[in-house]
Amino acid sequence: MKYKLIIDRDAEEEIVVVVRAPSSLTEQIENLVRSFSGTDSIMGYRDDEMRKLAFREIECITILDRKVIAIDGEGKQYRIQDRLRDLEEILPSYFIRINKSALANEHRIQRFDAAFSGGVDAVFACGYREYVSRRCFAEIRRRYEGI
């Protein structure tokens, strides 16, 4: 297999992949290309601080007190000005919906815990917990079982 990357600031961006047959690698490349919106971060606001949050460092994006909040790897909460459904379109494919008002970075989920109420919580690396709806959990299970 040959790999070639040419970085030319003056050229129009183009992605060409030549393969003999489709495989899981070609599917991953296609998903990566389709999910990339030209940016890999969003602006987050906290008190008097404005910070660029890289997608890979965000653990969860949820709605708290009617505001869209991003939670980073240290558990800090940043207000996001975009709506959740707009973020869902620009976030990479490793962000999955876990309930009606939360998106999770599946790489940052440490485990799923059963709650006393019979539900399931996603536990993130920073210690933050978020409820996982039954419908979304069924989809997550299908996704992991398909690997």
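The table for this structure:
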read-out: Whole-Å distance, taken between Cα centres, linking the range 83-129 and the range 131-147; value: 11 Å
read-out: For peptides 127-133, 72-78, sequence by mean Cβ density within 10 Å, most packed first; value: 127-133, 72-78
read-out: Exposure proxy ranking, count of Cβ atoms within 10 Å, fewest first, for Glu14, Glu88; value: Glu14, Glu88
read-out: Hz values of 3J(HN,Hα) by residue in the range 92-101 - Karplus curve (6.51, -1.76, 1.60), Gly and Pro given as x; value: x, 5, 7, 8, 10, 7, 10, 6, 4, 10
read-out: In nm, spacing of pseudo-spin labels at Leu5 and Asp65 (7 Å Cα→C-beta vector); value: 4.2 nm
read-out: Helical mean residue ellipticity (222 nm; -39500 (n - 2.57) per DSSP H run of 4+; nearest 500) of the chain; value: -6500 deg cm²/dmol
read-out: Chymotrypsin sites (Phe, Trp or Tyr not before Pro) restricted to the range 13-77 and DSSP loop, no more than 10 other C-beta within 10 Å; value: none
read-out: Whether the chain is rounded, prolate or oblate, judged on the alpha carbon gyration tensor where a/c under 1.5 counts as rounded; value: oblate
read-out: Local net charge near Val68, Cβ-Cβ under 12 Å (Lys/Arg +1, Asp/Glu -1); value: +1
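Any read-out appearing in this document is the output of simple, stated calculations on the displayed coordinates, not a laboratory observation. Quick caveat, the model's predicted, so the values are computed rather than measured. Heads up, the Cβs are rebuilt from the backbone with ideal geometry, glycines too, and the neighbour counts pull from every protein chain shown.
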